[in-house]
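Everything below concerns the one structure shown next.
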Amino acid sequence: MAEAPPVKRKREEEEDADGAGDAAAPFPLAELRLRRVLRESARDKAVFLHGEVTGPSGDGTDALVILEKTPFQEEKLLDLLKKHTKLELRMHNDIYKTYHLYPPPELSEIKTTVVYPATEKHLQKYLRQEVHLIHETWEDYKNITLPYIQSQSFSIQWVYNILEKKAEADRIIHENPDPCDGFVLVPDFKWNQNQLDDLYLIALVHRREVKSLRDLTAEHLPLLRNILQEGKEAIMKRFSVPGSQLRIYLHYHPSYYHLHVHFTALGYDAPGISVERAHLLTDVIDNLVLDSTYYQKRALTFTLQADKALFKLFQEAGRV
Ligand code: GTA
């Protein structure tokens, strides 16, 4: 894929207005000019677009738009079969036939995620690129990674908005308000809550100084156990999905350096569940019980995109 052209930005990540007020304004989709397709995934049935909002509301501001076909909703299947407007034959051989079915608009929604204004880092994140495995020792973390994430990481204003009830307050599924061992559980951005097949929730901790797995010690065990126990109970209560059918894990590295835990349906291949990124919460708890400084000792393996500044720092240090 060609190198991304420079991106115009109206607002940088670092400008940390709480952004919660933007939610009311509808995104001007009709004024979007497509600049390029960053990535498409036949498997996920999703396409990641870089657009530019032109006209009075945008003035050339960059936007990231993700279009994604959603899973079938069982309760709407009858409507889909009965209300379809057109069934068009594509192929016929003996008893075998394939068709294209054209459903009415209300049964053919496309989940649309918008980041607007988008920074260059948002666009880079979704651009399909070559990836490499990095084996990060604790020394690498201290000398290379930590200074990098302290200066470069994505804004976590959206997390503070949730914790302070400035955004998504009506979506909270469960809260333990303890400032040290408490957290908020909300549906993840990626889940439209229409069906349980792709159930995805996220637990955001109240304390603000824990960036990632690397910061965890036995001191955080009460917090992690609360997330595991109360998160499972809340999901059972609200969605009737038992804990044995949930995949509960942390990402290393996460995109956002404020400790959070992912809860996804076990049967769902959510983005980011691969062995080089996901760490099961139960394993994390067990490791910390065995050794409080486990995550300050062991090397952690993850992937980095070849054009990421962090990858270049690892290369310069001769660690790739
Ligand atoms: N409720 O405002 C928010 C919000 N934001 C900004 C992010 N999240 C939010 N949730 C709520 N409100 O699961 C969620 C994200 C993510 C979690 C952060 O917070 O949806 P993370 O720090 O470990 O980072 O988790 P992660 O997993 O990289 O998150 P992100 O940003 O979603 O990246 C997803 C990766 O999955 C991308 O790199 C992309 O390659 C891939 N992907 C594949 N399909 C999709 C898809 N349909 N939508 C988004 N990403 C997809």
*Against the rule of thumb 2.2 N^0.38 Å, how large the Cα Rg of the stretch 24-182 comes out*: 1.46
*Which FRET efficiency value, to the nearest 0.05, do you get for residue 169 and residue 94 by plugging their Cβ-Cβ distance into 1/(1 + (r/R0)^6) with R0 = 56 Å?*
0.45
*asked:* Using only the alpha-carbon atoms of the chain as identical scatterers, what base-10 log of I(q)/I(0) does the Debye formula give at q = 0.12, 0.13, 0.15 Å⁻¹?
replied: -0.98, -1.14, -1.45
*asked:* Greater than 28 Å separation of Cα atoms is the criterion. Which listed pairs, 83/237; 190/312; 76/166; 82/237; 125/232; 121/165, meet it?
replied: 83/237; 190/312; 76/166; 82/237; 125/232
*What trypsin sites (Lys or Arg not before Pro) in the stretch 67-114 are in a loop by DSSP, with at most 11 other Cβ atoms within 10 Å of the Cβ?*
none
*Estimated FRET transfer efficiency when R0 is 41 angstrom, pair residue 111-residue 291 (beta carbons, to 0.05)*: 0.45
*For the stretch 219-320, what value does the Rg/Rh ratio take when both radii are computed over Cα atoms and Rh is the Kirkwood radius, given to two decimals?*
1.03
*Residues with beta-carbon under 12 Å from that of residue 207, excluding residue 207: net charge, scoring Lys, Arg +1 and Asp, Glu -1?*
-3
*Do me a favour and compute the ellipsoid semi-axes for the stretch 28-76 from its Cα gyration tensor, root of five times each eigenvalue, largest one first, whole Å.*
27, 14, 5
*Under a GNM of the chain (C-alpha, springs under 10 Å), which listed residue has the highest mean-square fluctuation: 299, 270, 42?*
42
*Note down the relative contact order for the chain as a percent, whole number, built from C-alpha pairs under 8 angstrom at least six residues apart.*
16 percent
*Quick one: dipole size for the chain, taken about the Cα centre, charges +1 on Lys/Arg Cβ and -1 on Asp/Glu Cβ, in debye to the nearest 20.*
700 debye
*Cα centroid of the stretch 184-222 to Cα centroid of the stretch 286-320, whole Å*: 21 Å
*Charge dipole of the chain about the Cα centre (unit charges at C-beta), most positive-ward option of 73, 53, 281*: 73
*Relative to the longest principal axis of the chain, what angle (0 to 90°, nearest 10) does the C-alpha long axis of helix 281-290 take?*
10 degrees
*What is the dipole size for the stretch 145-208, taken about its Cα centre, with +1 at each Lys and Arg Cβ and -1 at each Asp and Glu Cβ, in debye to the nearest 20?*
260 debye
_Cut-off 14 Å between beta-carbons: net charge of the residues surrounding residue 43, Lys and Arg +1, Asp and Glu -1_ = -1
*Which FRET efficiency, nearest 0.05, do residue 152 and residue 319 yield, Cβ-Cβ r, R0 25 Å?*
0.90
*asked:* Can you compute the charge dipole magnitude of the stretch 153-274 about its Cα centre, using +1 on each Lys and Arg Cβ and -1 on each Asp and Glu Cβ, nothing else charged? Give it in debye, rounded to the nearest 20.
replied: 60 debye
*Rank 61, 145, 85 by mean-square fluctuation in a GNM of the chain with C-alpha springs under 10 angstrom and give only the top-ranked residue.*
85
*Looking only at 30, 203, 118, which one moves most when the chain is put into a Gaussian network model with springs between Cα atoms under 10 Å?*
30
*For 119, 301, write out the residues from largest to smallest accessible area, computed with a 1.4 angstrom probe and no ligands counted.*
301, 119
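The values are calculated or read from the model by the stated rules, or taken from the named source; none is laboratory data. Owing to the predicted nature of the structure, the values given are computational and were not obtained by experimental measurement. In this analysis, Cβ positions are derived from the backbone assuming ideal geometry, glycine residues included, and neighbour counts consider all displayed protein chains. The protein model used for the area step is the full one, side chains on, heavy atoms only, and it has no ligands, DNA or RNA in it. Shrake-Rupley method; radii C 1.70, N 1.55, O 1.52, S 1.80 Å.
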